[in-house]
Amino acid sequence: MSDFDNKNVPPEEQEGRIIDVALSEEMEQSFLDYSMSVIVQRALPDVRDGLKPVHRRILYQMYQDSLWPDSAYRKCMDTVGKTLASWHPHGDASVYDALVRLAQDFSLRYMLVDGHGNFGSVDGDPPAAPRYTEARMTKLSVAMLDDINKDTVDFQPNYDDRLKEPTVLPSHFPNLLVNGSMGIAVGMATNVPPHNINEVLDGVCCMIDNPNATLDDLMEHIKGPDFPTGGIIMGRSGIRAAYATGRGKVVVRSRTEIEEEEKSGRSKIIVTEIPYKVNKAELIKSIADLVKDKRIDGITNIDDHSDREGMRIVIDVRRDASPQIVLNHLFSLTQMQISFGVIMLALVDGRPEILNLEKILKKYIEFQMEVITRRTQFDLKKAQDRAHILEGLMIALDFIDEVVAMLRAAKSIPEGKAALMERFDLDDPQAQAIVQMRLGQLTGLERSKVEEELEGLRAKIADLLDILGSEARRLGIIKDEAIDMKKRFGDERRTEIAAISGEVDIEDLIPVEECVLTLTRYGYVKRQKMENYRTQKRGGRGVSAMSRREEDAASHIFVTGSHDYVLFFSDMGRMYRVKCYEVPEGSRTSKGMHIRNLLPLQGDENITSVVHLSDLDDDKFLVMVTRRGVVKRTKLSAFNNVRKAGLIAVDLDEGDYLAHVLVTGGSDELIFSTRKGMTLCMREEDIRAMGRAARGVKVMRLGEGDAIVGMDQLRDGGRVLTVTETGFGRLSPIEDYRVQKRGGKGLKNYHVDKFGDVAGVKVVFPEEDIIMISSDGIIIRISAGEVRQCARPSKGVRVMRVQEGEKIVTLASAPKEETEETDTELETEQ
């Protein structure tokens, strides 16, 4: 029968063997016990000494082993092993990791352990094994344990009741603020930033001098966090919020400078300090990855020149790139700028509590008042005990002959002690001291020394009693000790606090200029400066617009301002919005970034139309037309709140896709064109405004195999430009295109059976330039005034030489460029 089988066990024998409890109650109680154990015994620091139990036990073990700053280093394995055996019954790795952190100058603002050997690096390199590394206490950690043997703190039994360990260290400086603390408990976490010891001790003195000091008074002394790795804190609002409530966010930025080489004209960004807890090696790798993915443009090389003299990361900036813009992209996209979330959570009387700056300082002062009181009481008792002994010795010296005679007559020491106690009214300690006197102490000189010592002790006792009876005296001692700590350990602040916020608007640093935005059929997008494309003579071959790739070709070309909004519309009817400068800049022949690295496209989704806006005017409309001729008009205000994942712009029929989108003023005249040479001109008001997700209505009847290839606005003074896939084009007066009703077949615009299908139709002005791109990636920019004007549906003139097997795929208009390049010059350039 199993021990746990109660079926045949009498009830009287079952008692005490198995206890039935509800599973939910047991789980709740067990998890609560576990949570409190983690909170109190593992993860959170005590507000009084700023230490977690593991750190406190490590330092106490080193104190027990007398590993003073001027003593020899001791193997870390020895300290770790003794800490585990005596105080901390957990994994050895946890103890060693905690010891290592106390010895890292990039983790603690003021190190509490002096390490010898490899204790890791800011690059994330792991420390050497504890059998190789050595350690001893620092002068500051000794100051944390000063007076611990004077009954200044409570002791408790260790885990197996063999020894006594301190529940807290006396800590004669506010270590919680000075070195900070980080920890994750159950359902809570702490993240206290480190501070400059001079400023914190000045804050303590301020609180002592003025118990009603306000936060502003304290911040006159405690300016803000002071991280061991330096850096720059951007703005004071986050600091103030953290100090006022115990929670806040502090923006920390790398310290950088821009160096310019006079000969080459190139710029370098030099990083000399990085934010607290940032891994330098991972930071450099993340920058390289962003450059590789073309999310950051303008960086040509990254080198780490850091050495024992300090940190130095060198970032080479391309000659034509703005180093300030590159730097701000780095701040925005990498850990060169971070938000340090402040959570000043600590244990107060064994309970976790969020503390503001004022309460942390008050709790520290209260603790030091207790430490000084207990230390004074210890010193007082010791002085009183010694004075009591000396008073007995003085009696013995006054009656030395009688004392000697009594001791000689006694048969034993206890008998002699008893005789002295009865004769001179002494107690046992006094009688014992007299019995133990040496003959040399019977001289007159020794008597005077006893008198002097007794007089000094009486003065000391009076002073100690005065300290115990005067709160002002005790506060004064705390202040004096704080000033002494400043003299011994104070140093200069490492982290600068800038007056401005870290939320720098990159747009303010980007020059306002015209750009050419290009998107290929394979989805590669890039932004180029307008100056890269000079005006050529009509009929020229053009220049390469991108890196040649088999079967790839430009599908869209767009001229826009660098600060304009760019709206991308996909074949699935979704809209995405970015600023033009967010599209990475590329050279004239570069491939560019894939659109999927810029926009979160779904599945087989592709971009089919791109428009730009200088502002989001609520009075404007978006007119959208599908390949099959379904048109929809929606107010632009319906797209004000564009999510990162995009918005539905139009509901599509199965098999249809969104082809063209136009921004209109609400009362424009629109022209629609088809591949087979038909056009339809109509008033915008004939298309009723619809909701964002509506389907739309039919704009014109399309013939077999026909499709919409263009849509534009008819503008006064403009001409209708028609360009074929074979490179022919013409300008026609707007008057040739009469306004018709929606839903008709339209007018004949071009004889496609003779001169090829229409690539696009656009309204241009004679003073503008025309930009065309062929399927082999060749781009040409010509003056619109050079294109012959003739009535529809005539052939026109050759506007671009297209090689056999290639065709024109898209066209755009742009402001006129004054400088012209001849074909001869272009051929040389190619």
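Quick check on the stretch 581-604: of everything there that is among the β-branched types (Val, Ile, Thr) and assigned to a loop (DSSP other than H, G, I, E, B), which residue is surrounded by the most Cβ atoms within 10 Å (Cβ to Cβ)?
Going residue by residue through the stretch 581-604, those that are among the β-branched types (Val, Ile, Thr) are 583, 589, 595.
Imposing the further condition that a residue be assigned to a loop (DSSP other than H, G, I, E, B) reduces the set to 583, 589.
Numbers: 583: 26, 589: 13.
Per the stated criteria, the residue is 583.
Would you please name the residue that is nearest to residue 327 (Cα to Cα), looking only at residues in the stretch 219-242 that are out of contact with any strand residue (DSSP E or B) (no Cβ under 6 Å at 6 or more places or on another chain) and surrounded by fewer than 22 Cβ atoms within 10 Å (Cβ to Cβ)?
The extreme case among them is 235.
Just checking, which of 164, 139 is within 23 Å of residue 227 (Cα to Cα) and over 29 Å from the mean Cα position of the chain (by Cα)? Let's see the steps before the verdict.
On the way: 164 fails: within 23 Å of residue 227 (Cα to Cα).
When all the criteria are applied, what remains is 139.
Hey, any hits in the stretch 100-113 for a residue that's part of a helix (DSSP H, G or I), modelled with pLDDT under 95 and under 32 Å from the mean Cα position of the chain (by Cα)? I'd like the intermediate steps shown before the answer.
In the first step, residues of the stretch 100-113 are kept if they are part of a helix (DSSP H, G or I); the result is 100-102.
Now narrow it down to the ones that are modelled with pLDDT under 95: none.
Checking the stretch 100-113: not a single residue is part of a helix (DSSP H, G or I), modelled with pLDDT under 95 and under 32 Å from the mean Cα position of the chain (by Cα).
Yes/no matrix, rows are residues, columns are (1) over 52 Å from the mean Cα position of the chain (by Cα); (2) touching a residue at least 60 places away in the same chain (Cβ under 8 Å):
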{"residue": "670", "(1), (2)": "no, no"}
{"residue": "687", "(1), (2)": "no, yes"}
{"residue": "703", "(1), (2)": "yes, no"}
{"residue": "708", "(1), (2)": "no, yes"}
{"residue": "716", "(1), (2)": "yes, no"}
{"residue": "725", "(1), (2)": "no, yes"}
{"residue": "730", "(1), (2)": "yes, yes"}
{"residue": "735", "(1), (2)": "yes, no"}
{"residue": "745", "(1), (2)": "yes, yes"}
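I'd like the residue in the stretch 621-642 that is of a type outside the set (Phe, Trp, Tyr) and within 39 Å of the chain's Cα centre (by Cα) and, out of all such residues, is surrounded by the most Cβ atoms within 10 Å (Cβ to Cβ). I'd like the intermediate steps shown before the answer.
Within the stretch 621-642, the first condition is being of a type outside the set (Phe, Trp, Tyr), and the residues that meet it are 622-638, 640-642.
Subsequent filtering for residues that are within 39 Å of the chain's Cα centre (by Cα) retains 622, 635-638, 640-642.
Numbers: 622: 23, 635: 17, 636: 19, 637: 13, 638: 17, 640: 11, 641: 8, 642: 15.
Only one residue fits best here, namely 622.
List the number of the failed condition for residue 754; all other conditions in (1) within 20 Å of residue 686 (Cβ to Cβ); (2) without any contact (Cβ under 8 Å) to a residue 60 or more places away in the chain hold.
(1)
Just name the residue that is surrounded by the fewest Cβ atoms within 10 Å (Cβ to Cβ) out of those in the stretch 48-96 that are within 20 Å of residue 126 (Cα to Cα) and of a type in the set (Ser, Thr, Tyr).
The qualifying residue surrounded by the fewest Cβ atoms within 10 Å (Cβ to Cβ) is 94.
How many residues are free of Cβ contacts under 8 Å to residues at least 60 places away in the same chain and at positive phi if we restrict to the stretch 181-200?
Number satisfying all stated conditions: 0.
Step by step: first the residues of the stretch 1-59, then only those that are within 36 Å of the chain's Cα centre (by Cα) and in a loop (DSSP other than H, G, I, E, B), then the one that is modelled with the lowest pLDDT. Which residue is that?
The extreme case among them is 44.
Restricting attention to the stretch 143-180, and to residues there that are in contact (Cβ under 8 Å) with a residue 40 or more places away in the chain and on the phi > 0 side of the Ramachandran plot, which single residue is surrounded by the most Cβ atoms within 10 Å (Cβ to Cβ)?
Within the stretch 143-180, the match that is surrounded by the most Cβ atoms within 10 Å (Cβ to Cβ) is 171.
With respect to residue 694, is the statement that it is surrounded by fewer than 18 Cβ atoms within 10 Å (Cβ to Cβ), at pLDDT 90 or above and not β-branched (Val, Ile, Thr) true? Please lay out each step first, then the result.
On the way: surrounded by fewer than 18 Cβ atoms within 10 Å (Cβ to Cβ): yes; at pLDDT 90 or above: no; not β-branched (Val, Ile, Thr): yes.
No: the conditions fail for residue 694.
Right, residue 202: of a type in the set (Asp, Glu) and either at pLDDT below 95 or loosely packed, with under 14 Cβ neighbours inside 10 Å (or both) or not?
Working: of a type in the set (Asp, Glu): yes; either at pLDDT below 95 or loosely packed, with under 14 Cβ neighbours inside 10 Å (or both): no.
Here the answer is no, as residue 202 does not meet what is asked.
Return a yes/no flag: does the stretch 266-286 have any residue that is at pLDDT below 95, surrounded by fewer than 20 Cβ atoms within 10 Å (Cβ to Cβ) and not basic (Lys, Arg).
No, there is no match, as no residue in the stretch 266-286 is at pLDDT below 95, surrounded by fewer than 20 Cβ atoms within 10 Å (Cβ to Cβ) and not basic (Lys, Arg).
Run down 357, 361, 345, 330 and say which single residue is within 25 Å of residue 224 (Cα to Cα) and assigned by TED's automatic domain parsing to the domain that holds residue 295. Talk me through it step by step, then tell me what you get.
Details: 357 fails: assigned by TED's automatic domain parsing to the domain that holds residue 295; 361 fails: assigned by TED's automatic domain parsing to the domain that holds residue 295; 345 fails: assigned by TED's automatic domain parsing to the domain that holds residue 295.
So the residue among 357, 361, 345, 330 that is within 25 Å of residue 224 (Cα to Cα) and assigned by TED's automatic domain parsing to the domain that holds residue 295 is 330.
Quick one: would you say residue 734 is within 25 Å of residue 521 (Cβ to Cβ) and in contact with a strand residue (DSSP E or B) (Cβ under 9 Å, 6 or more places away or on another chain)?
Details: within 25 Å of residue 521 (Cβ to Cβ): no; in contact with a strand residue (DSSP E or B) (Cβ under 9 Å, 6 or more places away or on another chain): yes.
Here the answer is no, as residue 734 does not meet what is asked.
Name the residues in the stretch 531-551 that are surrounded by fewer than 20 Cβ atoms within 10 Å (Cβ to Cβ) and either at pLDDT 75 or above or touching a Gly at 6+ places or on another chain (Cβ under 7 Å) (or both), would you?
544, 548
The values are calculated or read from the model by the stated rules, or taken from the named source; none is laboratory data. Remember, it's a predicted structure, so these values are computed and weren't measured experimentally. Every residue, glycine as well, gets a Cβ built from its backbone with ideal geometry; the counts of neighbours run over all protein chains shown.
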